[in-house]
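One structure is given below, encoded as C-alpha coordinates.
The values are calculated or read from the model by the stated rules, or taken from the named source; none is laboratory data. Bear in mind the structure is a predicted one, so any value in this text is a computation, not a measurement. Cβ atoms come from the backbone with ideal geometry, glycine included; neighbour counts cover every protein chain shown. Remember, those area values only see protein heavy atoms, side chains included, never the ligands or the DNA or RNA. Shrake-Rupley method; radii C 1.70, N 1.55, O 1.52, S 1.80 Å.
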Amino acid sequence: MKLGIAGAGMIVKEALGVLNDLDIDLKGICARKNSEEKLKKLSEKHNIANYYTDFDDMLRNSEIDTIYVAVPNILHYEFCKKALEAGKNVICEKPFTVSLNELEKLNDLAVKNNLILIEAITTLYLENFLEIERIVKNGEIGEVKLVCANFSQYSSRYDNFRKGIISPSFDPKFAGGSLMDLNIYNIHFICAIFGQAREVRYIPSIEKNIDVSGVLILTYPDKECVSIASKASNCTKNMQIQGSKATISMDVPTNGCESFSIYKKGEGEEEFNLNKYNHRMCREFIEIEKIIDNKDFNMAEKMMEKSLIVMSVVEKARKVL
(Lines give C-alpha, C1' and ligand atoms only; values in the text may rest on other atoms or scores of the structure.)
Protein backbone atom coordinates (compact mmCIF):
# COMPACT_ATOMS: atom_id res chain seq x y z
CA MET A 1 0.00 0.00 0.00
CA LYS A 2 1.42 3.34 -1.09
CA LEU A 3 -0.53 5.93 0.85
CA GLY A 4 -1.63 9.50 0.29
CA ILE A 5 -3.29 11.29 3.22
CA ALA A 6 -6.05 13.89 2.88
CA GLY A 7 -6.15 16.00 6.03
CA ALA A 8 -3.79 17.26 8.72
CA GLY A 9 -5.96 17.37 11.84
CA MET A 10 -5.74 15.59 15.19
CA ILE A 11 -6.66 12.13 13.87
CA VAL A 12 -3.99 12.36 11.15
CA LYS A 13 -1.32 13.34 13.67
CA GLU A 14 -2.30 10.33 15.78
CA ALA A 15 -2.35 8.01 12.78
CA LEU A 16 1.04 9.13 11.45
CA GLY A 17 2.92 7.72 14.42
CA VAL A 18 1.21 4.37 13.88
CA LEU A 19 1.81 4.41 10.13
CA ASN A 20 5.51 5.08 10.70
CA ASP A 21 5.75 2.25 13.22
CA LEU A 22 4.12 -0.11 10.70
CA ASP A 23 6.52 1.07 7.98
CA ILE A 24 3.69 1.95 5.59
CA ASP A 25 4.95 3.77 2.50
CA LEU A 26 3.78 7.39 2.86
CA LYS A 27 3.84 9.03 -0.57
CA GLY A 28 1.93 12.23 0.13
CA ILE A 29 -0.15 14.38 2.45
CA CYS A 30 -2.58 17.14 1.50
CA ALA A 31 -4.39 19.93 3.32
CA ARG A 32 -5.52 23.49 2.70
CA LYS A 33 -3.12 26.21 1.57
CA ASN A 34 -3.14 27.88 4.99
CA SER A 35 -1.81 24.62 6.49
CA GLU A 36 1.27 24.51 4.27
CA GLU A 37 3.72 25.12 7.10
CA LYS A 38 2.08 22.35 9.14
CA LEU A 39 2.27 20.02 6.13
CA LYS A 40 5.96 20.75 5.70
CA LYS A 41 6.68 19.91 9.35
CA LEU A 42 4.60 16.73 9.26
CA SER A 43 6.34 15.61 6.07
CA GLU A 44 9.77 16.11 7.59
CA LYS A 45 8.87 14.49 10.91
CA HIS A 46 7.16 11.43 9.43
CA ASN A 47 9.22 10.90 6.29
CA ILE A 48 6.37 11.68 3.86
CA ALA A 49 7.65 11.94 0.31
CA ASN A 50 5.51 14.90 -0.84
CA TYR A 51 3.04 17.43 0.52
CA TYR A 52 0.26 19.15 -1.40
CA THR A 53 -2.18 22.01 -0.95
CA ASP A 54 -4.34 20.79 -3.84
CA PHE A 55 -6.05 17.40 -3.56
CA ASP A 56 -6.21 16.97 -7.32
CA ASP A 57 -2.43 17.38 -7.50
CA MET A 58 -1.95 14.58 -5.01
CA LEU A 59 -4.36 12.35 -6.92
CA ARG A 60 -2.22 12.79 -10.03
CA ASN A 61 0.72 11.15 -8.24
CA SER A 62 0.87 7.74 -9.95
CA GLU A 63 2.94 6.27 -7.10
CA ILE A 64 -0.03 6.60 -4.74
CA ASP A 65 -2.46 3.67 -4.89
CA THR A 66 -4.52 4.42 -1.77
CA ILE A 67 -5.96 7.56 -0.20
CA TYR A 68 -6.67 7.89 3.51
CA VAL A 69 -9.51 10.44 3.83
CA ALA A 70 -9.40 12.26 7.18
CA VAL A 71 -11.06 15.60 6.42
CA PRO A 72 -14.19 17.04 8.13
CA ASN A 73 -17.19 14.69 7.97
CA ILE A 74 -19.15 16.71 5.45
CA LEU A 75 -16.29 16.41 2.92
CA HIS A 76 -15.90 12.62 3.09
CA TYR A 77 -18.18 11.92 0.15
CA GLU A 78 -16.52 14.49 -2.13
CA PHE A 79 -12.96 13.37 -1.35
CA CYS A 80 -13.76 9.65 -1.55
CA LYS A 81 -15.54 10.13 -4.88
CA LYS A 82 -12.62 12.05 -6.39
CA ALA A 83 -10.13 9.46 -5.20
CA LEU A 84 -12.15 6.53 -6.58
CA GLU A 85 -12.58 8.33 -9.91
CA ALA A 86 -8.81 8.77 -9.99
CA GLY A 87 -8.34 5.02 -9.61
CA LYS A 88 -7.23 5.03 -5.98
CA ASN A 89 -8.31 2.67 -3.22
CA VAL A 90 -9.87 4.57 -0.31
CA ILE A 91 -9.66 4.30 3.47
CA CYS A 92 -12.17 6.76 4.93
CA GLU A 93 -12.28 7.91 8.53
CA LYS A 94 -15.50 7.43 10.46
CA PRO A 95 -18.28 8.33 9.94
CA PHE A 96 -18.05 7.05 6.37
CA THR A 97 -20.47 9.61 4.94
CA VAL A 98 -23.33 11.83 6.08
CA SER A 99 -26.09 9.79 4.41
CA LEU A 100 -26.77 6.22 3.36
CA ASN A 101 -27.30 7.31 -0.23
CA GLU A 102 -23.82 8.84 -0.38
CA LEU A 103 -22.23 5.63 0.86
CA GLU A 104 -24.23 3.51 -1.59
CA LYS A 105 -23.05 5.71 -4.46
CA LEU A 106 -19.42 5.42 -3.35
CA ASN A 107 -19.73 1.66 -2.99
CA ASP A 108 -21.17 1.37 -6.49
CA LEU A 109 -18.29 3.46 -7.85
CA ALA A 110 -15.69 1.34 -6.05
CA VAL A 111 -17.21 -1.90 -7.36
CA LYS A 112 -17.41 -0.46 -10.89
CA ASN A 113 -13.73 0.58 -10.80
CA ASN A 114 -12.55 -2.62 -9.07
CA LEU A 115 -11.21 -0.69 -6.07
CA ILE A 116 -11.17 -1.22 -2.31
CA LEU A 117 -13.32 1.21 -0.31
CA ILE A 118 -13.22 0.70 3.45
CA GLU A 119 -14.03 2.61 6.63
CA ALA A 120 -11.35 3.33 9.22
CA ILE A 121 -13.16 2.17 12.34
CA THR A 122 -10.75 0.91 14.98
CA THR A 123 -13.24 -1.12 17.02
CA LEU A 124 -13.99 -3.83 14.48
CA TYR A 125 -10.37 -4.96 14.05
CA LEU A 126 -9.37 -5.24 17.70
CA GLU A 127 -8.77 -8.70 19.14
CA ASN A 128 -10.84 -7.92 22.23
CA PHE A 129 -13.83 -6.91 20.16
CA LEU A 130 -13.55 -9.98 17.94
CA GLU A 131 -13.49 -12.21 21.02
CA ILE A 132 -16.52 -10.45 22.51
CA GLU A 133 -18.33 -10.89 19.19
CA ARG A 134 -17.46 -14.62 19.14
CA ILE A 135 -18.59 -15.17 22.74
CA VAL A 136 -21.93 -13.45 22.20
CA LYS A 137 -22.70 -15.12 18.87
CA ASN A 138 -21.81 -18.54 20.28
CA GLY A 139 -24.35 -18.04 23.05
CA GLU A 140 -21.75 -18.31 25.82
CA ILE A 141 -23.45 -15.58 27.90
CA GLY A 142 -26.92 -16.91 27.13
CA GLU A 143 -29.73 -14.83 25.65
CA VAL A 144 -28.76 -11.17 25.46
CA LYS A 145 -31.33 -9.06 27.28
CA LEU A 146 -29.84 -5.59 27.36
CA VAL A 147 -26.85 -3.71 25.93
CA CYS A 148 -25.60 -0.33 27.12
CA ALA A 149 -22.60 1.53 25.69
CA ASN A 150 -21.48 4.95 26.92
CA PHE A 151 -18.69 6.97 25.30
CA SER A 152 -18.69 10.37 26.99
CA GLN A 153 -15.58 12.50 26.74
CA TYR A 154 -15.40 16.21 27.52
CA SER A 155 -14.11 17.74 24.31
CA SER A 156 -11.03 19.95 24.35
CA ARG A 157 -13.00 22.21 21.99
CA TYR A 158 -16.19 22.42 24.05
CA ASP A 159 -15.19 25.48 26.12
CA ASN A 160 -14.40 27.44 22.95
CA PHE A 161 -17.65 26.22 21.43
CA ARG A 162 -19.59 27.72 24.35
CA LYS A 163 -17.76 31.02 23.73
CA GLY A 164 -18.85 30.98 20.08
CA ILE A 165 -15.59 29.67 18.61
CA ILE A 166 -16.94 26.79 16.52
CA SER A 167 -14.69 23.99 15.25
CA PRO A 168 -15.92 21.52 12.57
CA SER A 169 -16.57 18.85 15.22
CA PHE A 170 -19.19 21.16 16.78
CA ASP A 171 -20.51 22.65 13.54
CA PRO A 172 -23.77 21.30 12.04
CA LYS A 173 -22.61 22.56 8.63
CA PHE A 174 -19.72 20.08 8.87
CA ALA A 175 -21.90 17.24 10.22
CA GLY A 176 -20.29 17.45 13.64
CA GLY A 177 -21.75 16.46 16.98
CA SER A 178 -21.58 13.61 19.47
CA LEU A 179 -23.54 11.15 17.30
CA MET A 180 -21.06 11.40 14.44
CA ASP A 181 -17.91 11.84 16.51
CA LEU A 182 -18.25 9.44 19.46
CA ASN A 183 -21.48 7.48 19.31
CA ILE A 184 -20.49 6.12 15.91
CA TYR A 185 -18.09 3.75 17.71
CA ASN A 186 -20.87 2.43 19.94
CA ILE A 187 -23.13 1.94 16.93
CA HIS A 188 -20.47 -0.01 15.07
CA PHE A 189 -19.87 -2.16 18.16
CA ILE A 190 -23.55 -2.98 18.58
CA CYS A 191 -24.47 -3.43 14.92
CA ALA A 192 -21.43 -5.59 14.12
CA ILE A 193 -22.65 -8.09 16.70
CA PHE A 194 -26.44 -7.82 16.40
CA GLY A 195 -27.03 -6.50 12.88
CA GLN A 196 -29.75 -4.13 11.75
CA ALA A 197 -32.12 -2.84 14.42
CA ARG A 198 -35.88 -2.96 13.99
CA GLU A 199 -36.31 0.57 15.32
CA VAL A 200 -33.99 3.55 15.82
CA ARG A 201 -34.69 6.44 18.18
CA TYR A 202 -32.36 9.31 18.99
CA ILE A 203 -32.81 11.76 21.86
CA PRO A 204 -30.21 14.53 21.52
CA SER A 205 -29.21 17.33 23.84
CA ILE A 206 -28.90 20.37 21.58
CA GLU A 207 -26.72 23.45 22.04
CA LYS A 208 -26.23 25.97 19.23
CA ASN A 209 -27.98 23.59 16.78
CA ILE A 210 -25.62 20.65 17.45
CA ASP A 211 -26.02 17.52 19.54
CA VAL A 212 -23.40 17.91 22.26
CA SER A 213 -24.71 14.68 23.76
CA GLY A 214 -27.40 12.15 23.00
CA VAL A 215 -29.03 8.82 23.76
CA LEU A 216 -29.62 6.40 20.90
CA ILE A 217 -31.98 3.45 21.40
CA LEU A 218 -31.74 0.50 19.03
CA THR A 219 -34.67 -1.88 19.35
CA TYR A 220 -34.34 -5.51 18.32
CA PRO A 221 -37.05 -8.18 18.50
CA ASP A 222 -35.59 -9.60 21.73
CA LYS A 223 -33.50 -6.80 23.25
CA GLU A 224 -32.91 -3.08 23.67
CA CYS A 225 -29.50 -1.51 23.03
CA VAL A 226 -28.82 1.91 24.53
CA SER A 227 -25.97 3.89 23.00
CA ILE A 228 -24.88 7.08 24.80
CA ALA A 229 -22.28 9.69 23.90
CA SER A 230 -21.36 13.16 25.06
CA LYS A 231 -18.79 15.76 24.08
CA ALA A 232 -19.91 18.02 26.94
CA SER A 233 -19.33 15.77 29.94
CA ASN A 234 -17.26 12.86 31.23
CA CYS A 235 -18.21 9.53 32.72
CA THR A 236 -16.72 6.16 33.44
CA LYS A 237 -16.61 5.06 29.84
CA ASN A 238 -18.27 1.69 29.79
CA MET A 239 -20.15 -1.00 27.92
CA GLN A 240 -22.27 -3.89 29.14
CA ILE A 241 -23.79 -6.81 27.28
CA GLN A 242 -26.15 -8.45 29.76
CA GLY A 243 -27.00 -12.07 29.05
CA SER A 244 -29.10 -14.63 30.85
CA LYS A 245 -25.96 -16.56 31.88
CA ALA A 246 -23.29 -13.87 32.15
CA THR A 247 -22.46 -10.22 31.55
CA ILE A 248 -19.62 -8.83 29.44
CA SER A 249 -18.45 -5.39 30.50
CA MET A 250 -15.79 -2.82 29.64
CA ASP A 251 -14.69 0.18 31.70
CA VAL A 252 -13.04 1.63 28.60
CA PRO A 253 -14.50 3.22 25.46
CA THR A 254 -15.60 1.13 22.49
CA ASN A 255 -13.07 2.74 20.13
CA GLY A 256 -10.18 1.05 21.94
CA CYS A 257 -11.61 -2.02 23.70
CA GLU A 258 -8.44 -2.18 25.81
CA SER A 259 -9.88 -4.89 28.04
CA PHE A 260 -13.12 -6.59 29.01
CA SER A 261 -14.46 -8.76 31.79
CA ILE A 262 -17.02 -11.52 32.09
CA TYR A 263 -19.13 -11.85 35.21
CA LYS A 264 -20.92 -15.13 35.89
CA LYS A 265 -23.27 -15.44 38.84
CA GLY A 266 -21.68 -17.62 41.50
CA GLU A 267 -18.32 -17.70 39.71
CA GLY A 268 -17.19 -14.10 40.03
CA GLU A 269 -15.55 -11.87 37.40
CA GLU A 270 -12.64 -12.62 35.10
CA GLU A 271 -10.76 -9.96 33.10
CA PHE A 272 -9.30 -10.39 29.62
CA ASN A 273 -7.05 -8.44 27.27
CA LEU A 274 -6.24 -10.10 23.94
CA ASN A 275 -5.16 -6.96 22.08
CA LYS A 276 -1.66 -7.39 20.66
CA TYR A 277 -0.77 -3.72 20.17
CA ASN A 278 -0.68 -0.78 22.56
CA HIS A 279 -2.21 1.69 20.10
CA ARG A 280 -5.80 1.12 19.02
CA MET A 281 -5.08 2.07 15.37
CA CYS A 282 -2.32 -0.49 14.79
CA ARG A 283 -4.45 -3.56 14.15
CA GLU A 284 -6.83 -1.52 11.99
CA PHE A 285 -4.11 -0.39 9.57
CA ILE A 286 -2.40 -3.80 9.55
CA GLU A 287 -5.62 -5.51 8.49
CA ILE A 288 -6.65 -2.83 6.00
CA GLU A 289 -3.21 -2.89 4.38
CA LYS A 290 -3.61 -6.67 3.93
CA ILE A 291 -7.03 -6.21 2.36
CA ILE A 292 -5.69 -3.65 -0.10
CA ASP A 293 -2.41 -5.38 -0.96
CA ASN A 294 -4.14 -8.75 -1.42
CA LYS A 295 -7.09 -7.19 -3.26
CA ASP A 296 -9.34 -9.03 -0.81
CA PHE A 297 -12.67 -7.86 -2.18
CA ASN A 298 -14.58 -10.46 -0.17
CA MET A 299 -13.38 -9.01 3.12
CA ALA A 300 -13.88 -5.46 1.86
CA GLU A 301 -17.46 -6.36 0.98
CA LYS A 302 -18.07 -7.82 4.45
CA MET A 303 -16.78 -4.63 6.08
CA MET A 304 -18.89 -2.53 3.70
CA GLU A 305 -22.02 -4.45 4.73
CA LYS A 306 -21.33 -3.44 8.33
CA SER A 307 -20.74 0.19 7.35
CA LEU A 308 -23.99 0.30 5.36
CA ILE A 309 -25.96 -0.93 8.38
CA VAL A 310 -24.33 1.68 10.60
CA MET A 311 -24.97 4.46 8.10
CA SER A 312 -28.65 3.48 7.89
CA VAL A 313 -28.84 3.83 11.69
CA VAL A 314 -27.06 7.18 11.65
CA GLU A 315 -29.34 8.49 8.90
CA LYS A 316 -32.45 7.60 10.89
CA ALA A 317 -31.01 9.14 14.05
CA ARG A 318 -30.03 12.38 12.30
CA LYS A 319 -33.62 13.05 11.22
CA VAL A 320 -34.31 14.65 14.60
CA LEU A 321 -31.35 17.05 14.32
* Among the candidates L109, L103, L75, L84, which residue alone is farther than 17 Å from A300 by Cα and of a type outside the set (V, I, T)? -> L75
* Just give me the residues in segment 245-297 being open to solvent by 30 Å² or more (accessible area, probe 1.4 Å), over 28 Å from V12 (Cβ atoms) and either within 20 Å of the chain's Cα centre (by Cα) or among the aromatic types (F, W, Y) (or both), in sequence order. => D251, Y263, F272
* Please specify each residue of segment 273-305 satisfying the condition of being modelled with pLDDT of 95 or more and either of a type in the set (S, T, N, Q) or under 20 Å from V144 (Cα atoms) (or both). => N273, N275, N294, N298
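Each row is one residue, and each column tells you yes or no for (1) farther than 18 Å from P95 by Cα; (2) part of a loop (DSSP other than H, G, I, E, B).
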| residue | (1), (2) |
| --- | --- |
| G142 | yes, yes |
| N150 | no, no |
| G176 | no, yes |
| N186 | no, no |
* Single residue of L146, L84 found to be at pLDDT 95 or above, within 17 Å of I288 (Cα to Cα) and either over 18 Å from the mean Cα position of the chain (by Cα) or not assigned by the TED database to the domain that holds M58 (or both) -> L84
* Mind checking which residues of segment 225-239 are farther than 20 Å from K319 by Cβ, surrounded by fewer than 18 Cβ atoms within 10 Å (Cβ to Cβ) and at pLDDT 95 or above? -> S233
* Is it the case that R201 is of a type outside the set (A, V, I, L, M), more than 17 Å from the chain's Cα centre (by Cα) and part of a helix (DSSP H, G or I)? -> no
* Within segment 124-139, is even one residue surrounded by fewer than 23 Cβ atoms within 10 Å (Cβ to Cβ), more than 21 Å from the chain's Cα centre (by Cα), of a type in the set (A, V, I, L, M, F, W, C) and modelled with pLDDT of 95 or more? -> yes
* Kindly state which strands (runs of 3 or more DSSP E) lie completely within segment 1-115 and contain at least 1 residues that are among the basic types (K, R), farther than 26 Å from T254 by Cβ and open to solvent by 10 Å² or more (accessible area, probe 1.4 Å). => 2-6, 25-30
* Asked: Given the conditions (1) more than 21 Å from I135 (Cβ to Cβ); (2) surrounded by 14 or more Cβ atoms within 10 Å (Cβ to Cβ); (3) touching a Phe, Trp or Tyr at 6+ places or on another chain (Cβ under 9 Å); (4) touching a residue at least 60 places away in the same chain (Cβ under 8 Å), which single one is not true for P204?
  -> (3)
